[in-house]
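The values are calculated or read from the model by the stated rules, or taken from the named source; none is laboratory data. Because the structure is predicted, anything quoted here is derived from the model rather than measured. When we count neighbours, we look across all protein chains shown, and the Cβ atoms used for this are built from the backbone with ideal geometry, even at glycine. When the accessible area is computed, the model is the full protein with side chains, heavy atoms only, and any ligands, DNA or RNA have been set aside. Shrake-Rupley method; radii C 1.70, N 1.55, O 1.52, S 1.80 Å.
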Amino acid sequence: MLYHALWVFFIYAFLGWCTEVSYAATKTGKFVNRGFLNGPYCPIYGTGAVLVLLVLGRIQNPVLLFFAGALVTCSLEYLTSWLMEKLFHARWWDYSKRKFNIGGRVCLIGAVVFGAFSVVLVLVLHPFVKSLTDRLTDAAFNWICAILFVGIVSDLVVTVKGLLGTHAVFAEYAV
């Protein structure tokens, strides 16, 4: 079960990163790594997908799934924004200029997009991804998950150490 949750996390963290980078490229005309970490993944998308599939994965009614998905993912986005700001004294996104936002952390258009994505994830995308994943042998599956886990944890340690080190340097000059 743990390896399956990790696998889902990795797949959708990578797909979320691809979506964010593509969106930024269409707006800026150049590559921008939109992830919190250095590698090609956005952990918030992986976490959101795991939550939606675990909590809402049995819901087949698209309307109910849309609203429940929007609630789950916006709650995650709000909490993540708040925690990252408390831990690193920085904001990675700010929706204050968007209509119907809550503290600049979440907004209506985000809720609509993530609600729609929850429907697509549960009813279309994940069944397809699962059918591909089921073709892997158990040994291959476990090795891939272990390697990806070591990679993302290493990236997390390096990133957090760098962010905390940078914060300490700025705090030293602020005195």
Packing-wise, with mean Cβ within 10 Å as the measure, how do 20-31, 149-160 rank, highest first? 149-160, 20-31
What are the extents of the Cα atoms of the stretch 93-148 along their three principal axes, in Å, largest first? 48, 26, 10
Of LEU79, VAL157, TRP143, whose Cα points farthest to the positive end of the dipole of the chain (charges on the beta-carbon: +1 Lys, Arg; -1 Asp, Glu; origin at the Cα centre)? LEU79
Those aspartates and glutamates that a straight Cα-Cα span of less than 15 Å connects to LYS97, excepting residues fewer than 8 apart in one chain: none
Radius of gyration and Dmax for the chain's Cα atoms, expressed in Å? 17.5, 58
The aspartates and glutamates whose Cα lies under 18 Å from the Cα of LYS30, excluding any fewer than 8 residues away in the same chain, are GLU20
Quick one: accessible area per residue over the chain, 1.4 Å probe, rounded to a whole number of Å²? 63
Computed [θ] at 222 nm, helices only, for the chain once each DSSP H run of length n ≥ 4 contributes -39500 (n - 2.57): -25000 deg cm²/dmol
Taking 8 Å as the Cα distance limit and 6 or more residues as the minimum spacing, I'd like the relative contact order of the stretch 73-175 as a percentage. 21
Of THR73, THR19, which has the most accessible area with a 1.4 Å probe, and how do the rest follow in descending order? THR19, THR73
Hey, got the dipole for the stretch 1-132? About the Cα centre, +1 on K and R Cβ, -1 on D and E Cβ, debye to the nearest 20? 260
